[in-house]
Every structure is written in C-alpha cells, then in structure tokens.
Amino acid sequence: MFIAGNWKMNGTVAQARDLAQALVNGLPDGAPATAIFPPAIHLAAVHDIIKDSPIFMGGQDCSSAENGAHTGDLSVAMLADIGARGVIVGHSERRTDHGESNEAILGKVKAAQSAGLGAVLCVGETLDERQSGRAETVVQSQLAACLPTTFDSGSVVIAYEPVWAIGTGMVATVQDISAMHSMIRQWLQAHRPEIADTFILYGGSVKAANAADVFGADEVGGALVGGASLKSDDFLGIIAAAMKA
Ligand code: PGA
C-alpha cells in the first residue's frame, strides 16, 4: 500500500511544519509507504521535519523543461535538490486550471524519470464522461498518451481520480473502483509491462470513514488524499485503515 497526501494550495509554513511533525510523531510502526506533497514554497521547511523519518515528500507539479526561461515553474532537478523524491503529474486541477494537455503531462513524466523521481500520474474521467459511458475509454487514452513507452530510473504510480469525486464528498462505488482499477491493471500489463506491477491509487474524497471500503476494492494499492490529508488525525486514520486492509 502507498498513501499519499496532496496538500494542494493550503496553509502557512508554520502549519506545514506542524502537520509534518504530527505525522512524523504519529506514524505507526509498520505503516505503509507514506508520502506528502506540500505546496512548493513549503518543501524546504517540511523536508527539515521529515528527513530522518520514513515519510517521503514530493512536489505537486513540475516543468518538463530542464531549466531556463520558464517563469514560475520548477524543474525536477530543483525538486530533487530540495529533498523531493516524487512529483504529482497530470492532476485534474492542473489539467483544468492550467489547460495541461496529455502531451504536456507526458513531458513531465519523462522529466521525473530523468531525475529519478517517482511520478504519481493522475487519470480520471469527468461526470459527463462517466454518464455517457466513456469513463474507461477516457482513462485508457490518458494512460496511453501520458505514459512513456520505456522507463528508466524513477518509478511511476497511477492515481485514478474521477474528477467528479475530487473535493466533492462523492466517492465512486466499490464496484466502479474495482472495475476501473482492474481495467488499468490489465491495460498496463498489455501496454506498459515494465510498470505493470506498480501501485494504482484511488483518489477522490477518501476519508478515514470510507477508506476501508476503498481499500477493499480490487487492485487498489493505496490512496491519493486531498482534503483529509490536511489534518494529521484524519490522514493517520487513513493510514490505519490501510494497515488493516
Ligand atoms: P480530495 O482530493 O481527497 O480532497 O477529494 C483528492 C485529490 O485531488 O488528490
């Protein structure tokens, strides 16, 4: 299991430190792999807190470019230099807020690979796409377009996040999660065998109260958690549910 907390654009540096410290203090022995994705401006402060703990840290986005004239962007080398070991790419909020295309996201996955960072590639359909029966086709085309055909140093984890479930309190049913995750596993086996065994995380309104159901679905290797990762008790509750699953 792999449990990841995406803090999105929340908090002050003091709050980021406190949250990281509470997780370091509260992480139980035998916890699954645990990662946090603080806002970029808090990465250095958070790294100071987690550096001697089993928790690892990543960025919420990266540039596909190596360096140079890209105002406001962060390179994978910068992330790695500050202690990040991974990066989220293709989150639906990046796709919506910044018009990120599958092609741009592929560039970011490749950049993460080149720096030895683990990429958490997010895929997922909108409500309209699900209601019109296109959920699986959309996810397959995202996987095909955003995943390189060969892989080198960094790992790639897939996060299935139905867009309509993110931050809405609506969670996909266990049947829908099982069906989508099984499809993703089969797709990887057929098209990207090098990473066919990777974690497939579910994301979208995961909380301590529904985590056991989510983790009971087929091929769920953990969760990408937004809102419930901002309070240590909630996030640790999800980690506890993963340990029981
Ligand atoms: P949420 O966000 O848990 O707040 O729905 C999940 C995500 O966007 O990764």
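Table for the structure above
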| item | result |
| --- | --- |
| Rounded if a/c under 1.5, otherwise prolate or oblate - region 67-144, Cα gyration tensor axes | prolate |
| Furthest towards positive pole of dipole, Ile49, Ala242, Ala104, structure part the chain, Cβ charges | Ile49 |
| Student exercise, the chain dipole from Lys, Arg, Asp, Glu Cβ charges, in Debye to nearest 20 | 140 |
| Accessible-area composition of the chain, carbon plus sulfur, in percent [1.4 Å probe] | 51 |
| Peptides ranked, highest mean first, by Cβ atoms within 10 Å: ranges 124-135, 153-164 | 153-164, 124-135 |
| Net dipole in debye of region 131-234 [+1 Lys, Arg Cβ; -1 Asp, Glu Cβ; about Cα centre; nearest 20] | 200 |
| Average accessible area per residue (Å²) across the chain - probe 1.4 Å, nucleic acids and ligands excluded | 44 |
| Ordering of 87-98, 22-33 by packing [mean C-beta count within 10 Å, highest first] | 87-98, 22-33 |
| Net charge, Met78 excluded, C-beta distance under 14 Å - Lys, Arg +1, Asp, Glu -1 | -2 |
| Gyration tensor verdict on region 144-245 (Cα atoms; rounded if a/c is under 1.5, prolate if a/b is larger than b/c, oblate otherwise) | prolate |
| Over 26 Å between alpha carbons, listed pairs Lys51/Lys231; Lys8/Lys110; Lys108/Lys207; Lys207/Lys244; Lys8/Lys207; Lys110/Lys207 | Lys108/Lys207; Lys110/Lys207 |
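The values are calculated or read from the model by the stated rules, or taken from the named source; none is laboratory data. The structure presented is a predicted model; accordingly, all values stated were derived computationally and were not measured. Note that we place each Cβ from the backbone using ideal geometry, even for glycine, and neighbour counts take in every protein chain shown. Accessible surface areas use protein heavy atoms only, side chains included; no ligands, DNA or RNA. Shrake-Rupley method; radii C 1.70, N 1.55, O 1.52, S 1.80 Å.
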